[in-house]
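The values are calculated or read from the model by the stated rules, or taken from the named source; none is laboratory data. All of these numbers come straight from a predicted model, not from anything done at the bench. Glycine also receives a Cβ, built like all others from the backbone with ideal geometry; neighbour counts cover every protein chain displayed. Protein only, heavy atoms only, side chains kept; ligands, DNA and RNA dropped before computing areas. Shrake-Rupley method; radii C 1.70, N 1.55, O 1.52, S 1.80 Å.
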Amino acid sequence: SDYWMVRPDIGAKQNLAGADPVATSACQKRSRWANLPEAEIAAKIAGILARLEAEHVQLKMDGVRNIWIVKPGHGSRGRGIKVFDDLQAIIMYATSRKKSAIVQKYIENCFTLDKKKFDIRFWVLVTNWNPLTLWCYEPYFRLCTEDHSLDQKSLANQFQHLCNRCVQEHHEEYE
């Protein structure tokens, strides 16, 4: 059933009347948990979450809102970058582009400074392992101009999510 909701060629509003009868039958089957007592379902879910936490070391950083960032495969300076929490919207945006798009998991629990998202760019070149020889390029720090938020309406606000100077310089409070 969820599969039909995200298929761009079927659409969220269309019913399954004209769909493949075998697929429709599969979608209408009851859940394997439909007849289980609520306590047993809760125990199974707790076990699944425990296993997920043990195997997915970045789970706390990834968050639970299922937010993704979509970037043009050819862009720079924050152009064409969008933040989504809806799979169908991601598919529609990515497939409507003439060129490729890169979809990455958004770090929902990011570090903030005074409630503002930031990033640090620091390049290191290793030219030898023994003895260890490193060449470091001067790092720089980028800070968003607005407080970080994951509210639905804030996902379109680039001043909260993109630290790029080329984006932030258009904000009225940018210095």
Test: Lys98 is closer than 24 Å to Cys166 by Cβ, of a type in the set (Lys, Arg) and not in a loop (DSSP other than H, G, I, E, B): no
Of the residues in the stretch 101-117, those that are closer than 13 Å to Cys163 by Cα, within 18 Å of the chain's Cα centre (by Cα) and assigned to a strand (DSSP E or B) come to Thr112, Lys117
Of the conditions (1) farther than 29 Å from His56 by Cβ; (2) open to solvent by less than 70 Å² (accessible area, probe 1.4 Å); (3) among the polar types (S, T, N, Q), Thr127 clears all except one; give me its number. (2)
Test: residue in the stretch 95-118 that is more than 18 Å from Ser149 (Cβ to Cβ) and in contact (Cβ under 8 Å) with a residue 60 or more places away in the chain: yes
Would you tally the residues in the stretch 39-91 being modelled with pLDDT under 85, open to solvent by 80 Å² or more (accessible area, probe 1.4 Å) and closer than 26 Å to Cys163 by Cβ? 10
What residue, among those in the stretch 143-175 that are touching a Leu at 6+ places or on another chain (Cβ under 8 Å) and free of Cβ contacts under 8 Å to residues at least 60 places away in the same chain, is surrounded by the fewest Cβ atoms within 10 Å (Cβ to Cβ)? Leu143
